[in-house]
1. For chain A, what's the relative contact order in percent, using C-alpha pairs closer than 8 Å and at least 6 residues apart?
2. Work out the FRET efficiency for A:Ser172 and B:Leu293 from their Cβ-Cβ distance, taking R0 = 45 Å, and round it to the nearest 0.05.
3. Which semi-axis lengths, in whole Å and largest first, follow from the square roots of five times the eigenvalues of the Cα gyration tensor of chain A?
4. What is the Å³ per residue value for the convex hull set by the Cα atoms of segment A:52-119?
5. Please average, across the residues of A:85-96, the number of beta carbons from any other chain that are within 10 Å of each residue's own beta carbon, and give a whole number.
6. Would you work out the charge dipole size for the protein assembly as shown about its Cα centre, treating the Cβ of every Lys and Arg as +1 and the Cβ of every Asp and Glu as -1, and quote it to the nearest 20 debye?
7. With viscosity set to 1.567 mPa s and temperature to 4 °C, compute the Stokes-Einstein D of segment B:17-129, Rh being the Kirkwood radius across alpha carbon pairs; µm²/s, no decimals.
8. Return the sequence-ordered ³J(HN,Hα) values of segment A:210-221 in whole Hz as given by the Karplus equation 6.51 cos²θ - 1.76 cosθ + 1.60 applied to θ = phi - 60°, using x for Gly and Pro.
Amino acid sequence: MAKIERTATVSRGINKTIIYVVCIGLALLSILPFWVMFVNATRSTAEIQSGLSLIPSTHLKTNWDVLTSKSFDPLKGFLNSFIISATSTVCAVYFSSLTAYGLVVYNWKWRQTFFTFILCVMMIPAQASAIGFYQFMYQLHWTNSFLPLILPAIAAPAIVFFMRQYLLATLSLEIVEAARIDGSGEFATFNKIIIPIMMPAVATQAIFAFVASWNNLFMPLILLTDKSKYTLPVMVSLLRGDIYKTEFGSIYMGLALTALPLFVIYFLLSRYIIAGVALGGVKE
Amino acid sequence: MRRKGVNYSKYGYIFSIPFIIAFLIFSLYPTLYTAFIGFTDMKGVIPKQVHILDNPFGNFKDLILNNVSFKQSLVNTFVLWIANFIPQIGLALLLTAWFTNKRLNIKGQGAFKVLLYMPNIITASTIAVLFSTLFAYPMGPVNSLFHALGWSDAPIQFLQDKNTARGIVSFIQFWMWYGNTMIILIAGVMGINPALFEAAAIDGASGTQTFFRVTLPSLRTILLYSLVTSMIGGLQMFDIPQLFITPAGGPDNATLTTSVFIYGQAFKGAYMYNKAAAASMIMFLIAAVLSALLFYLMRDRGEAKLRKQLKLQQKAAKAAAKGV
């Protein structure tokens, strides 16, 4: 009996070793491409051409100079991306919370119909209406404006859905009643009492809305033609063009710069992000 | 008690107005407009009078019957999606089985989750250009690595071969998404009633048996959810195929996806807005069918769950009756 148990333990030990090896291998696979990117951002093109290295070199400054001497302006791109992502995130979470609150607290005739409708349009891909959207914005002279990248965020069905689930689970209507008795208007109640209550959900959705907007390529690519308006993902496509053909050091530099803000956000907030992803799956 | 007389229901409408207005302007109207353009002769950079075609369905018919690139793009989208989804769900399931197995008690799960999920959050266009630079010819990091390991004698032109290009694009998609799928599946396992696992353990089920007989059947709906959302996401695959190989589309259009096709038709060359709009509508219809499928499956799930619970209750009642 003891012998059987021992062999079981030994085989489990071997299994565990295999599992750790696979997991560490996958973790390395996640890190390595980015590691090479950051390291190569500090190496000269000649060094990069001569072979692979995982140790940083000393050409950071040169690569930066070459990168910015051509049409690539990372600070401008960062600023553009930030303006668009920050404002669209505020629009998305604020108005989605408002809509969700309207759906949960008030009993109105079309409430159920409206909610079903939100469920129906949740999955519609943005690309499906892109041509009409572009033509419409062109007629309004809104191409090369940030507005068409920000304002559509006001109608974010998936966030409304999430916020509604959150409110149903956490909000007791007595709080709303109490605020009414104290003479608070409905809108003031929402801004001063409900938004603070919803903060955990707002924060989670804000992270994802921000990252989604920051990473968006398709819409900015069709709407923005003026180089000074480019967002970072559109700028990245410049790195593929002829201007940097052989300047590998500065290409890696440009890539590293576009990815850096996300690495910072990710490592500061990874706990909340992972929890948010898990929530997204079980929300059904 | 007079307060009860106040009718607050109008605020339900008021609070929904911003959403509805934004939706009508930025979503519904552009969708209808796209559908309309699909029936017209709108093309060219310079706007001119637009006419509905004599044969309204001409663009659609032409795309489906005659356009080789469009047909190729549908096939490519499907091939690239399948080639990333099967390994993705396989690996995610394997990792889920390992991480949720209490007997194995894998350490450092938090760190593994953070690292395996990481590629998903980084800008896809950055990743696309990064990989195309890593696979550069004649001297890129991957070529250096292959040379150093003795796997190749001469530099390989990875991006010139149809299947290699497709393989790398699928790999990038797989690499970006398996962590996401794994976290969703692990959350799904956490949601399974622990009593089921205890019962399996008491009955002497092995780890493998528990996984295939208890975990996997309970995850069925979450797997379906992953499948359908991944299909709709895969339909829109754009950033990676657009930027990974220039010109977009790759060798012999091997990595031309439907979204890349739409972008190319509308914003390059002849500016065929009408063809692009018709292609968008076809994509929209496919997505709508898939969404409806998801809806149907999820609805079924609620009922099935209810039936299961009723059965369990009946069983428990029977057992209790027996015990007495």
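Laboratory data are not the source of any read-out in this text; all were calculated from the coordinates shown. Everything numeric here is computed off the predicted structure, so don't read it as measured data. Quick reminder, even Gly has a Cβ in these numbers, built from the backbone with ideal geometry, and neighbours come from all protein chains shown.
1. It rounds to 32 percent for chain A.
2. Here the calculated transfer efficiency is 0.75.
3. So the equivalent ellipsoid measures 41, 33, 17 Å along its semi-axes.
4. Spread over its residues, the Cα hull of segment A:52-119 gives 192 Å³ apiece.
5. Per residue, the number of nearby Cβ atoms from other chains is 1 on average.
6. In debye, rounded to 20, the protein assembly as shown gives about 1980.
7. 66 µm²/s
8. With coefficients 6.51, -1.76 and 1.60, one gets 5, 5, 4, 5, 4, 7, 4, 10, 4, 5, x, 5 Hz.
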